[in-house]
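Presented below is the structure to which this report refers.
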Amino acid sequence: MCDGHDILRSNNEDLKKVEQLVDRRQFLTKTSLGLGAMALGSLMGSNNLFASSGQENPVSGVNGIPGLPHHAPKAKRIIYLFQSGGPSQLETFDYKPNLVDLQGQDLPASVRQGQRLTGMSAAQTAFPMTSSIFKFDQYGESRKWVSELLPHTAEMVDDLCFIKSMYTEQINHDPAITFFQTGHQLPGRPSIGSWMSYGLGSSNENLPAFIVLVSKNGSGQPLYARLWGNGFLPTKHQGVQFRSGKDPVLYLNNPENYDGADRRQMLDYLKRLNEIQYDSYGDPEINARIAQYEMAYRMQTSVPEVTDMSDEPDWVYDMYGSDSRDPGTYAANCLLARKLLEKDVKFVQLYHQGWDQHGNLPGGIKHQCKNTDQATAGLLKDLKQRGLLEDTLVIWGGEFGRTVYSQGKLTETNYGRDHHPRCFTMWMAGAGVKPGFSYGETDDFSYNIVRDPVHVHDFHATLLHLAGVNHEKLIYKHQGRRYRLTDVHGHVVKGILA
């Protein structure tokens, strides 16, 4: 019989054999890769192997994919003002005066065309149409129609490019928002900002390429961190959320009573341990983790600097509105976004909840517009006066629109509107799009598109194009399949390009 010492000795010998096999496998793998790289270098010329991109070696991927951008970008940075809940196009930008004469009449079957409804209005026996109770007027040299709810945005219409023919297949909030942010209705795909970070890298080594701001005290449909997640891309490309308060980024500051004097030494030792781990297993996520630790170290200085608003003059706060002095509000986040764009952050995503008005729409949307209108226009004005709007793309919009018929009881002063994915309005401004321009058209009921439809994938393709990226070539291979933001669809909407 063998005793415990024999068993231990046997186990140690087995472990040594495994380590030898692993080491031999890694040696052969790394040698083959090295020989392959040498052969490729001899064919292409070592000086030209990575020279075309003007970026770093693709092994590190710190500055994006070699060869990108594919063409000269119009937009060096992007801010997406996402209005969660589905703003009603009928109360904002898609003026339909003929509805006044149709008030209370049932939606014609020839208009609905058997399109599906949500579970919230499918049981209705009638679908009474209602015009907006808010007045519209024409503004600017472009004479664009804008609701009285958005007087500050109305001042900027000559800088806006309206897309009035957006559509999506998703009729409920979560899949619709997920679709807009990731190109797929099911969770798990990389977000727009993550694709941008992966493809184009960062222009500021002290801040992430992709930063997220969420208005505080928001009510309505929930927002999940996966909306700005990296999906199957390396984790360093996930969006970093900046919060209001003394700790804008969670777990970034040093613990209480710790002065951080030896932080650099600790990170150096940790990097060495991770490098040993990478040499043993070859997992690229280990290098991503090293990069994240280093970024966090640099952010301990850069984040307090960029979130410090003490140097902003009163006239800037007045331009964004009184809420801009309250950190975490939509207005304050718009102002912070401008500071991030000044630091060359590639993609800033700003989320604002509360646009889901199934009932009491007049009161609800009036409140939403009051909270966002001045700050949105203030951001545009601020970027424009600083010369940043020329190469910054600003996007405003939600996940779908609202129905022409009233959900629930219709009265002279009150009504609601259900989700409507078949047509809605978004706008862009700044780099590369036509100012004072409208693209696409809906019918007299704002229920169907009659000219120039724009799908979500088309929107993504156009966004990437403006950033200098061919959407069909920004690809990542995962589990044997090649993925892209636009999946297998999408085309650039050339009609809106300046």
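Here are a few things to note about the model shown:
- Filtering segment 201-253 to residues that are of a type in the set (D, E, K, R) and part of a loop (DSSP other than H, G, I, E, B) leaves E205, K216, R243, K246, D247.
- Listed by position, the strands (runs of 3 or more DSSP E) inside segment 414-498 whose residues that are in contact with a Pro (Cβ under 8 Å, 6 or more places away or on another chain) and among the hydrophobic types (A, V, I, L, M, F, W, C) number at least 1 are 424-430.
- Within segment 318-361, considering residues that are part of a loop (DSSP other than H, G, I, E, B) and polar (S, T, N, Q), the one nearest to the chain's Cα centre (by Cα): Q353
Conditions tested, residue by residue: (1) without any contact (Cβ under 8 Å) to a residue 60 or more places away in the chain; (2) hydroxyl-bearing (S, T, Y); (3) in the same structural domain as R451 (by TED's automatic domain parsing).
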residue: A123; (1), (2), (3): yes, no, yes
residue: I133; (1), (2), (3): no, no, yes
residue: K144; (1), (2), (3): no, no, yes
residue: F162; (1), (2), (3): no, no, yes
residue: Y167; (1), (2), (3): no, yes, yes
residue: D174; (1), (2), (3): yes, no, yes
residue: N206; (1), (2), (3): no, no, yes
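- Residues in segment 317-342 that are touching a residue at least 40 places away in the same chain (Cβ under 8 Å) and surrounded by fewer than 17 Cβ atoms within 10 Å (Cβ to Cβ): E342 alone.
- A single member of D279, D268 is assigned to a helix (DSSP H, G or I), touching a helix residue (DSSP H, G or I) at 6+ places or on another chain (Cβ under 9 Å) and more than 21 Å from P208 (Cβ to Cβ), and it is D279.
- The condition (being of a type outside the set (V, I, T), surrounded by 15 or more Cβ atoms within 10 Å (Cβ to Cβ) and over 23 Å from R189 (Cβ atoms)) is satisfied by just one residue among N230, N253, N217, N287: N253.
- Test: residue in segment 372-393 that is crowded, with 21+ Cβ neighbours inside 10 Å and closer than 18 Å to G220 by Cα: yes
- Segment 234-250, residues that are touching a strand residue (DSSP E or B) at 6+ places or on another chain (Cβ under 6 Å), buried (at least 20 other Cβ atoms within 10 Å of the Cβ) and modelled with pLDDT of 90 or more: G239, V240, F242
The values are calculated or read from the model by the stated rules, or taken from the named source; none is laboratory data. As the structure is a computational prediction, the values presented were derived from the model and not from experiment. Neighbour counts are summed over all protein chains in view; Cβ atoms, including those assigned to glycine, are modelled from backbone coordinates with ideal geometry.
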